[in-house]
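**Student:** Before anything else, here's the structure in question.
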Amino acid sequence: MTETPSDYIEDSLLAHSPKLRKKIEEGLKDVRAGFSISLSDYKAKCTKRKPVPRDLSGFPV
């Protein structure tokens, strides 16, 4: 798979986006401060939720 010039432009815009860089830094601060959970813990937490009742067509009741 080769990258096209539009891929380079998108990568460059993302790499230099102040808004995105700020969000990434905030996330890294949370990780460093211990405000994160492992993927396996997250998955276990998600599976503990009650299933939403659905009708026969698959839509929530």
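**Student:** Please verify whether residue 57 is modelled with pLDDT under 85 and assigned to a helix (DSSP H, G or I), treating the condition exactly as stated.
**Tutor:** no
**Student:** Mind listing whichever residues of segment 14-26 are open to solvent by less than 100 Å² (accessible area, probe 1.4 Å) and under 15 Å from the mean Cα position of the chain (by Cα)?
**Tutor:** The answer is 20, 24, 25, 26.
**Student:** Got a number for residues in segment 27-61 being surrounded by 10 or more Cβ atoms within 10 Å (Cβ to Cβ) and of a type in the set (Asp, Glu)?
**Tutor:** So the answer is 2.
The values are calculated or read from the model by the stated rules, or taken from the named source; none is laboratory data. Please read these numbers as outputs of a predicted model, since none were measured by experiment. Quick reminder, even Gly has a Cβ in these numbers, built from the backbone with ideal geometry, and neighbours come from all protein chains shown. These accessible areas exclude ligands, DNA and RNA; they are computed on the full protein's heavy atoms, side chains included. Shrake-Rupley method; radii C 1.70, N 1.55, O 1.52, S 1.80 Å.
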